[in-house]
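Quick notes on the structure that follows.
The values are calculated or read from the model by the stated rules, or taken from the named source; none is laboratory data. Please read these numbers as outputs of a predicted model, since none were measured by experiment. Reconstructed Cβ throughout: ideal geometry from the backbone, glycine too, with neighbour counts over all protein chains shown. Accessible surface is based on the protein model in full, side chains and every heavy atom, while ligands, DNA and RNA are left aside. Shrake-Rupley method; radii C 1.70, N 1.55, O 1.52, S 1.80 Å.
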Amino acid sequence: WLEPGVHECEWLGIQCQEISIPSVSLSEVLKNPDKIPTDENGDVPMTTELMVIEINLPENNLGGFLPQEIMALPYLQMLGLWSNDISGTLPTQMGKLVNLKSVHLEDNLFSGGIPTEIGMWTKIEDLSFSGNGDLEGGIPTEIGYLSNLERLWISDTQLIGPIPTEIGNLVLLGELNLSNNNLNSTLPEEIENILPLEWLDLTSNSLTGEIPESWGSLASLKNFEVGDNELEGELPDFFERFPYLESASFHENIFIGDIPSSIGSAGASLRKLTLGENRFEGELPETLKDCINLERLDLGTNQLKGEIPSWIGDMEKLVFLDLSDNRFSGSVPPELSNLRNLRELRLAENLLVGTVPCGSLETATFLSADCENSVVECTCCTECM
């Protein structure tokens, strides 16, 4: 970048394209970046120039602020500066970069709010501000103007307030990640309109209310993550509408009632299911026995009852199984010894009796049961309660 005589289009991380543009100087543009001349009236001389369309400089230890000169790149389509140390606020003038299709500013040190002017990025397809821990304020309602957006990641910031209902206008969106913020509204029903949505992650906020039944329209969902919030009520029994579901997280909320009978409808597609730390009751639904590829099953700290079903032993890919702090009764099924890949098994704080079938469980790194007072016999447990 500092080598004299090298055209900027040959710089590392810069890509250019020949474009017909108004014949004006950079200094003229910088004097009034809000009014860049155009040839709409045919009275501006034109010339063909190599114009910067991409800046791609991730993981380069860049510091400082976003330079004003970036605003004088009206044909910029891609701005990739993730994983640097760039600080300051996001300039409102960035809204003038109306040809942007991809903006990756994640994992920097930006602060302040998200400018409402991003609503002018109507061509954008991929947008990420994640991992800027001092980014604050609300999600601007103007986000709803980004009708071509396919991927939106704004996680791990200090954003507060509601998820705007206008987000339902993003009908091409495939990924929505707003996790690890301070969002504190109910869940907008309008998300039902985002039919291509495959990845929905709202984990670790302060969201309230119930999950809308209308979200059953999201038939493309693969990741459904709403754990660690303040959601309540019963889980809708709509999981048969998510045939491609791979990961579902509802832990650490205030859900009540029975686990929906359709929870295992995705069958072999489902890899992770976390329902721990809620107020679920009743017995485990039979549909779960079809989820033979589950790797993580967290049902701990609820009010579940009945015997532990023997078909859990058919889930041979399980690495983590938490059944602790419930009201399970009867003996521990010997089929659990089939779980050769299991590394963590939690059975403590239940009403179980008899012997834990160690077998393959001896290779687990953590195994807990109510074996302290000989209620349960467990020679392979690493922790007795």
Breaking point among (1) free of Cβ contacts under 8 Å to residues at least 60 places away in the same chain; (2) open to solvent by 40 Å² or more (accessible area, probe 1.4 Å); (3) not in a loop (DSSP other than H, G, I, E, B), for Q93: (1)
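What strands (runs of 3 or more DSSP E) completely inside the range 299-339 contain at least 2 residues that are free of Cβ contacts under 8 Å to residues at least 40 places away in the same chain, crowded, with 16+ Cβ neighbours inside 10 Å and not acidic (D, E)?
In the range 299-339, 320-322 are the strands (runs of 3 or more DSSP E) which contain 2 or more residues that are free of Cβ contacts under 8 Å to residues at least 40 places away in the same chain, crowded, with 16+ Cβ neighbours inside 10 Å and not acidic (D, E).
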Of the criteria (1) farther than 20 Å from N169 by Cβ; (2) within 22 Å of the chain's Cα centre (by Cα), which one F129 fails: (1)
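To keep it simple, each residue is scored yes or no on (1) modelled with pLDDT under 95; (2) open to solvent by less than 50 Å² (accessible area, probe 1.4 Å); (3) among the acidic types (D, E); (4) within 23 Å of D322 (Cα to Cα).
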site: S214; (1), (2), (3), (4): no, yes, no, no
site: L218; (1), (2), (3), (4): no, yes, no, no
site: L231; (1), (2), (3), (4): no, yes, no, yes
site: E234; (1), (2), (3), (4): no, no, yes, yes
site: E252; (1), (2), (3), (4): no, no, yes, yes
Where a residue in the range 96-117 is under 15 Å from L146 (Cβ atoms) and its partner, wherever it lies, is at pLDDT 95 or above and basic (K, R), with Cβ under 8 Å and at least six apart: V98/K123; N99/K123; L100/K123; K101/K123
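Listed here are the residues, each with its yes/no results for (1) among the aromatic types (F, W, Y); (2) on the phi < 0 side of the Ramachandran plot; (3) open to solvent by 60 Å² or more (accessible area, probe 1.4 Å).
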position	(1), (2), (3)
N341	no, yes, yes
R346	no, yes, yes
L352	no, yes, no
G359	no, no, no
E362	no, yes, yes
F366	yes, yes, no
C371	no, yes, no
S374	no, no, yes
C378	no, yes, no
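Show me the strands (runs of 3 or more DSSP E) found entirely inside the range 254-294 where at least 1 residues are crowded, with 16+ Cβ neighbours inside 10 Å and touching a Ser or Thr at 6+ places or on another chain (Cβ under 7 Å).
Once the strands (runs of 3 or more DSSP E) in the range 254-294 are filtered for at least 1 residues that are crowded, with 16+ Cβ neighbours inside 10 Å and touching a Ser or Thr at 6+ places or on another chain (Cβ under 7 Å), what remains is 272-274.
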Residues that are among the β-branched types (V, I, T) and within 19 Å of D126 (Cβ to Cβ), drawn from the range 152-183: I154, T157, I167, V171
Lone qualifier among E18, E10, E3, E40 - being modelled with pLDDT under 65, farther than 23 Å from S87 by Cα and open to solvent by 90 Å² or more (accessible area, probe 1.4 Å): E40
